[in-house]
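Below is one structure; the comments refer to it alone.
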Amino acid sequence: MKLPIYLDNNATTKVDPRVFEAMTPYFLEDFGNAASRNHPFGWKAEEAVDYAREQIAALIGANEKEVIFTSGATESNNLAIKGVFEMYEAKGKHIITAVTEHKAVLDTCKHLEKLGAEITYLPVGIDGLISVADIEAAIRPDTILVSLMYANNEIGVVQPMREIGALCKSKGVLFHSDATQAVGKIPVDVLADGIDLLSMTAHKMYGPKGIGALYVRRKNPRVKVTAQMDGGGHERGMRSGTLNVPGIVGFGKACELARLEMEQDTERLMGLRDYLESELLKLEESYVNGNIEHRLPHVANISFKYVEGEGLMMAIKDIAVSSGSACTSASLEPSYVLKALGLDDELAHSSLRFGLSRFTTKEEIDYTIKTVANAVNKLRDMSPLWEMFKEGIDLKSIEWTEH
Amino acid sequence: MAYSEKVIDHYNNPRNVGTLDKASHKVGTGLVGAPECGDVMRLQIEVNPETGIIEDAKFKTFGCGSAIASSSLATEWLKGKSVDDALTIDNMDIVEELALPPVKIHCSVLAEDAIKAAINDYRAKQGLAPIEDTKKHY
């Protein structure tokens, strides 16, 4: 077993060697521009792009003509939301999203607010799930778009996509989903889920960084977005710019592997994740954040009460994870996602996110369990809050000096 | 973000972790910070009432590595000092000693606050008025 261990796979994943292998010819040999229509270099590149488009479309149940390549999910989210707003502004200015969305969605919505859009930010329940009834109540005659993530990046909670899709369809409202964390990990089917626009990226599913896509529905209804990048009119005029051929080939290969191996990966990862989680929950006062039923198979977000997350990460420096504590940020604010669940700030400060991957081994998980448990116990011995808890003092009864 | 070697040393081998009898008239306890902010420090001093010398100091801290290191260092510095000398410990001395980056300066401020709070608690037990904190941080 090699140290450090990488368990931050919701941030990014290692490129699968098979993906890397598929990409290599497109750097040195078949390096043509896919838009060059008049020579074999261009034809080869175009052929590779077309094939990848099919591989990607197949994973999400789409038609290959509905795949628009972008630089990644942030750009896809920007294109979807800004593009829909510009295209359908005459119909209405109201957009619905949720407080636990990624910043790429939230900040895009904030930008549109300055341009006259009205945005509803829906709350979530304590388990991170959005209530479909809340969405229905928020839809107005001038609502043009509902934008909700498929699965959350911090807690892995999967939203009831099919119900939301059906609701949007019945109300004639477009439905966009940031599916960055879901695609390649759980079955995503744009037709069955009733999704009109879907953002995805390669580097969260063992593909390369810098390449992503936006699915834009062509039938029932035919959706259009205004381009946010002007130029040569690539990608059906929705996203200009020379195509990143090696990246696209890698993205395609990653999607194909995900489609073929998802079932077995899921079974193995869920087993490992559940084992990690159940062992760590044996520590007193530790809690899983987010709904445990409707959740990505490879994510566990756990709070270890009375231990601060960043201090904890320092004690487990051989293991790469993320914390909801934001001790490093100037604002000292903990994760807004965990806060949105209604978690006490101190629980948010005490959280770690474990994200497993196709490459994670049982041995690594055993090491992680042992290391994290030792660190939590060591830091609790050092924690005044733990001592007070053990003495039965209610921490809420103390007048803290905020700073 | 990389931590300095001194922070790592204090974090891995914290000095003077523990608890003194807060009911004792010789012991002053300072509890500063808030769980919601992600840092809570409890710093205790045991003073010889005859000499005014701090004979023991203990801490417990909930917080990041820099917060733990700041309080560990503070207890080291407090031991053997007179209460009056302890009041001269400045948060910037801690910043310098531990090479804390700007985002971690609040950890040193918290440690200084904890020292002052512990001394005031001790003074109150001796029937003395608290020392006003005239220093403005930031």
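Residues in the range B:33-58 that are within 14 Å of chain A (Cβ to nearest Cβ) and more than 15 Å from B:THR75 (Cα to Cα): B:GLY33, B:ALA34, B:PRO35, B:GLU36, B:CYS37, B:GLY38, B:ASP39, B:VAL40.
Of all residues in the range A:389-403, those that are part of a helix (DSSP H, G or I), facing another protein chain (nearest Cβ under 9 Å) and more than 36 Å from the chain's Cα centre (by Cα) total 0.
Only one of the numbered conditions (1) in a helix (DSSP H, G or I); (2) at pLDDT 95 or above; (3) surrounded by fewer than 21 Cβ atoms within 10 Å (Cβ to Cβ) is violated by B:ALA114, and that is (3).
If the condition is being outside any loop (DSSP other than H, G, I, E, B), surrounded by fewer than 23 Cβ atoms within 10 Å (Cβ to Cβ) and in contact (Cβ under 8 Å) with a residue 40 or more places away in the chain, then the range A:159-203 contributes A:ILE186, A:LEU191, A:ALA192. Just one of the listed residues (A:SER350, A:SER397, A:SER383, A:SER323) is among the polar types (S, T, N, Q), farther than 21 Å from A:THR13 by Cβ and in contact with a helix residue (DSSP H, G or I) (Cβ under 7 Å, 6 or more places away or on another chain), and it is A:SER350. Selection of the range B:97-134 for residues being more than 14 Å from chain A (Cβ to nearest Cβ) and charged (D, E, K, R) yields B:GLU97, B:ARG123, B:LYS125, B:GLU132. Exactly one residue out of A:LYS317, A:LYS305, A:LYS390 is over 20 Å from A:ALA11 (Cα atoms), surrounded by fewer than 21 Cβ atoms within 10 Å (Cβ to Cβ) and basic (Lys, Arg), and it is A:LYS390. Looking at this structure, is B:ILE89 more than 8 Å from every other protein chain (Cβ to nearest Cβ), hydrophobic (A, V, I, L, M, F, W, C), surrounded by fewer than 24 Cβ atoms within 10 Å (Cβ to Cβ) and out of contact with any Asp or Glu (no Cβ under 9 Å at 6 or more places or on another chain)? So B:ILE89 does not fit the description; no. Checking each residue in the range A:77-118 for being part of a helix (DSSP H, G or I), over 19 Å from A:PRO221 (Cβ atoms) and of a type in the set (Ser, Thr, Tyr) picks out only A:THR108.
What about A:VAL249, is it surrounded by 23 or more Cβ atoms within 10 Å (Cβ to Cβ) and out of contact with any Phe, Trp or Tyr (no Cβ under 6 Å at 6 or more places or on another chain)? No: the conditions fail for A:VAL249. Hey, B:GLY80 hits all of (1) within 12 Å of chain A (Cβ to nearest Cβ); (2) of a type outside the set (A, V, I, L, M, F, W, C); (3) out of contact with any Lys or Arg (no Cβ under 6 Å at 6 or more places or on another chain) but one; which does it fall short on? Result: B:GLY80 fails condition (1) only. Every listed requirement among (1) touching a residue at least 24 places away in the same chain (Cβ under 8 Å); (2) over 15 Å from A:SER177 (Cα atoms) is met by A:ARG37 save one, (1).
The residue of the range B:59-77 that is farthest from the other protein chains (Cβ to nearest Cβ), among those that are over 17 Å from A:LEU312 (Cβ atoms) and of a type in the set (Phe, Trp, Tyr), is B:TRP77. Checking A:LEU214 against (1) touching a strand residue (DSSP E or B) at 6+ places or on another chain (Cβ under 6 Å); (2) assigned to a loop (DSSP other than H, G, I, E, B); (3) buried (at least 24 other Cβ atoms within 10 Å of the Cβ); (4) of a type outside the set (Gly, Ala, Ser), which single condition isn't satisfied? Just one mismatch for A:LEU214, condition (2). Scanning the range A:1-19 for residues that are crowded, with 16+ Cβ neighbours inside 10 Å and part of a helix (DSSP H, G or I) returns a single hit, A:VAL19. The set of residues from the range B:10-24 being surrounded by fewer than 16 Cβ atoms within 10 Å (Cβ to Cβ) and either within 22 Å of A:ASN374 (Cα to Cα) or away from every other protein chain (no Cβ under 12 Å) (or both) comprises B:ASN12, B:ASN13, B:GLY18, B:THR19, B:ASP21, B:ALA23, B:SER24.
Okay, residues lined up against (1) within 14 Å of another protein chain (Cβ to nearest Cβ); (2) closer than 26 Å to A:LYS185 by Cα; (3) in contact with a Gly (Cβ under 8 Å, 6 or more places away or on another chain):
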position	(1), (2), (3)
A:ASP265	no, yes, no
A:TYR287	no, yes, no
A:LYS305	yes, no, no
A:VAL321	no, yes, yes
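Of all positions in the range B:84-107, at least one carries a residue that is of a type in the set (S, T, N, Q) and free of Cβ contacts under 8 Å to residues at least 60 places away in the same chain.
The values are calculated or read from the model by the stated rules, or taken from the named source; none is laboratory data. Being a predicted model, the structure only gives us computed values, none of them experimental. Note that we place each Cβ from the backbone using ideal geometry, even for glycine, and neighbour counts take in every protein chain shown.
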